[in-house]
Each structure stands twice: as structure tokens, then as C-alpha cells.
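The values are calculated or read from the model by the stated rules, or taken from the named source; none is laboratory data. Note that this is a predicted model, so its numbers are computed, not measured. Don't worry about glycine lacking a Cβ; one is built from the backbone with ideal geometry, like all the others, and counts go over all protein chains shown.
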Amino acid sequence: MAATNGSATGGEDHRIPVVFYFDYICPFCYVGAHRLQRITQRYPVAVEYRFVEIHPDSPAGGRPVSELGYPPEQWRRMNEALTAMLEADGLPMAERTFTTNSRQALLLARTVLQRRPGRFLALHNALFHAYFVDGRNIGETAVLESIAADHDVGDCLMPVDDRQALAGLLEDVEAARSTGLTGVPTLIVGDRAFPGAVSMDTLAAAMEEHTRGGAPGETH
């Protein structure tokens, strides 16, 4: 499902195609989304958003992050990397004590993108902010109702068992599988996949190489 971003004044054909696979409860997706929006201010980009539910078994009421099952050393390294990214980008984040089920939040955002594309980015950012900065449980319908109302998209809040809306999410999951993705966030620039919250230098290099018709290289 596409939404166009960027600073181009020309037609769609001149924009750099980017696909962003993400989930609203993934902290690295929070960073990746921020970096993607920054890069769209520098390059003409057409972004296609793909919504991928990473913890479908988590209850909407939430559960402690300790139950995610990461080995302690891996969890420590992940958090150190995340902290470094947040500090480098100047992004706020509250202490993460719980994870939740993101399905209804993803359904809301996907429906807004489909029906009210002009309001998508504001809602998109609000969902990340609500969960990672305000510590709100975006798995709860009441929280999503409040966020949707704030952005005048209350009619886009879908029940978690809405078959048509769920079919759209399944399309995104299938797209991820067919592309060979192993996790989120993942950005695809042209035909090259960049897993993780890649650096601004890497994104810029990918944009430049795509514009020149070359294969983007990883920048560290």
C-alpha cells in the first residue's frame, strides 16, 4: 500500500521507489521511520508502507518485555544499540516495560492510508509516539479510539476480526515472505533490501546510487 513522500516537483515516475516494512511496537522501526522521513526531505521518494505484525500472540492488554524470551546478552546488546541510535537522532523514548498486540493499530493505520492518505503520516507518527514516548498501550481499543479521534479518522478504526482489513495485513505479511525478509524494520530501495534501522549515510548512499542507476552499497 503506497503513500508518496518527498520533495520532488516532477511526476511519480521520477521518484525513488522505497518499501518500508515495519510494526508500531518495534523500537528499531520507530528509529527507522524517523530516518525515512528525514531522507524524504532530501530526495524525491515514493514510499510504499507494509504493515507487519511481529508479536501476534501478545495480548492486547500487554505483557512484560521480559516475556519476549531474548537471551540476556542479546537483549543487552540490542538495548545498547537502540540507545546509541536514539541519542544520535535526538529521539525521546520512555522506559519500555511492556509489549502489546499491534494488530488493531496496524489495521487503523493501513485503513487511514487507504481511505485518508493525507492524514496518514500524522497518525503514523502519533502511534509511534503514543507507545514509545507516552508509554500508552496501543493494543487497547480505547487508546486507539482516542488517537484516531485526535486525527479525525475515528471511522477508520477497524475491529481486529474484520476480514477485509485482515486480508490486507496478510497481503503485507506475504509480501515480506516472498521478498525473503527476516525481520523489521526493512527498507527496500529499488531492488536492494536494507534490514534494520540503517544509518542516514547508508540511506543517502542508496538514494544516490539508485538515482545513478547503480547498486547501492552499505555505508558504515
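A compact table of results
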{"quantity": "Among (1) touching a residue at least 12 places away in the same chain (Cβ under 8 Å); (2) outside any helix (DSSP H, G or I), the one test that Tyr70 misses", "calculated": "(1)"}
{"quantity": "Residue in the range 9-28 that is at pLDDT 95 or above, of a type in the set (D, E, K, R) and closer than 16 Å to Met200 by Cβ present", "calculated": "no"}
{"quantity": "Conditions (1) modelled with pLDDT under 95; (2) of a type in the set (Gly, Ala, Ser); (3) under 30 Å from Leu113 (Cα atoms); number of the one not met by Ser66", "calculated": "(3)"}
{"quantity": "From the options Tyr24, Tyr30, residue that is in contact with a Leu (Cβ under 9 Å, 6 or more places away or on another chain), buried (at least 20 other Cβ atoms within 10 Å of the Cβ), part of a loop (DSSP other than H, G, I, E, B) and not acidic (Asp, Glu)", "calculated": "Tyr24"}
{"quantity": "Subset of the range 87-102 that is assigned to a loop (DSSP other than H, G, I, E, B) and more than 16 Å from the chain's Cα centre (by Cα) - its residue that is surrounded by the most Cβ atoms within 10 Å (Cβ to Cβ)", "calculated": "Arg96"}
{"quantity": "Any hit, the range 72-86, residues being among the β-branched types (Val, Ile, Thr) and either within 29 Å of Glu171 (Cβ to Cβ) or buried (at least 20 other Cβ atoms within 10 Å of the Cβ) (or both)", "calculated": "no"}
{"quantity": "Residue within the range 102-123 that is without any contact (Cβ under 8 Å) to a residue 12 or more places away in the chain and of a type outside the set (A, V, I, L, M, F, W, C) present", "calculated": "yes"}
{"quantity": "The range 45-67, residues that are assigned to a loop (DSSP other than H, G, I, E, B) and out of contact with any helix residue (DSSP H, G or I) (no Cβ under 6 Å at 6 or more places or on another chain)", "calculated": "Ile54, His55, Pro56, Asp57, Ser58, Pro59, Ala60, Gly61, Gly62"}
{"quantity": "Val198 vs. criteria closer than 21 Å to Ala46 by Cα, part of a loop (DSSP other than H, G, I, E, B), touching a residue at least 12 places away in the same chain (Cβ under 8 Å) and under 19 Å from the mean Cα position of the chain (by Cα)", "calculated": "yes"}
